[in-house]
Amino acid sequence: MSKTTLVIVVSLIVIGGVGFLTWRTSRGGSEELTFTTAQVERGTIVSTISASGNLIQTNTFTITTSATGVVKEVFVQEGEEVQKGQKLVELTLDQSSEEEKISAWAAYLLAQNSVALAKENKLTLEKGVEDAKGAL
């Protein structure tokens, strides 16, 4: 290594050391840390937390219907708590919704008749099984 390079490296180290010492003493680094110890004791911890803010209601639902028509009467107000099965509005159905209602009622009655026939068939078949068992 050349003499000039050696002088530059030593100068940088000295300048860095002086800078570090100056920084360390200017921020109070020469003070010693002190610790306080205490005997462990059993006791009750009392802690209080206070806060302020807003509550947000999360039990809200959007209600939609495929029925179309004119609202005849509203039975609840916005923000009012409602119960399951409670009547909310009454609609006067337009022609297409009225036809859908009639079609749905007819399908319901047909399903009821199908259930009644199935029950009768079941009883008939059970009687046939009992008769067959008796003939053996």
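The values are calculated or read from the model by the stated rules, or taken from the named source; none is laboratory data. Since this is a predicted model, take the numbers as computed values, not measurements. Cβ atoms come from the backbone with ideal geometry, glycine included; neighbour counts cover every protein chain shown.
So which pairs qualify, if the first residue must be in region 1-13 and part of a helix (DSSP H, G or I), the second must be of a type outside the set (Lys, Arg), the Cβ gap must be under 9 Å, and the two must be at least 6 apart or on different chains?
Filtered contacts from region 1-13: Val9/Met1.
Any residue in region 23-30 that is assigned to a loop (DSSP other than H, G, I, E, B), at positive phi, exposed (fewer than 10 other Cβ atoms within 10 Å of the Cβ) and over 34 Å from the mean Cα position of the chain (by Cα)?
Checked against the condition, which is being assigned to a loop (DSSP other than H, G, I, E, B), at positive phi, exposed (fewer than 10 other Cβ atoms within 10 Å of the Cβ) and over 34 Å from the mean Cα position of the chain (by Cα), region 23-30 yields at least one hit.
Those residues that are surrounded by fewer than 10 Cβ atoms within 10 Å (Cβ to Cβ), part of a loop (DSSP other than H, G, I, E, B) and modelled with pLDDT of 85 or more, I need them from region 55-77; list them, please.
Gln77
Considering only region 88-103, state which residues are surrounded by fewer than 10 Cβ atoms within 10 Å (Cβ to Cβ) and at pLDDT 90 or above.
Matches in region 88-103: none.
Just to be sure, is Lys101 part of a helix (DSSP H, G or I) and more than 39 Å from the chain's Cα centre (by Cα)?
no
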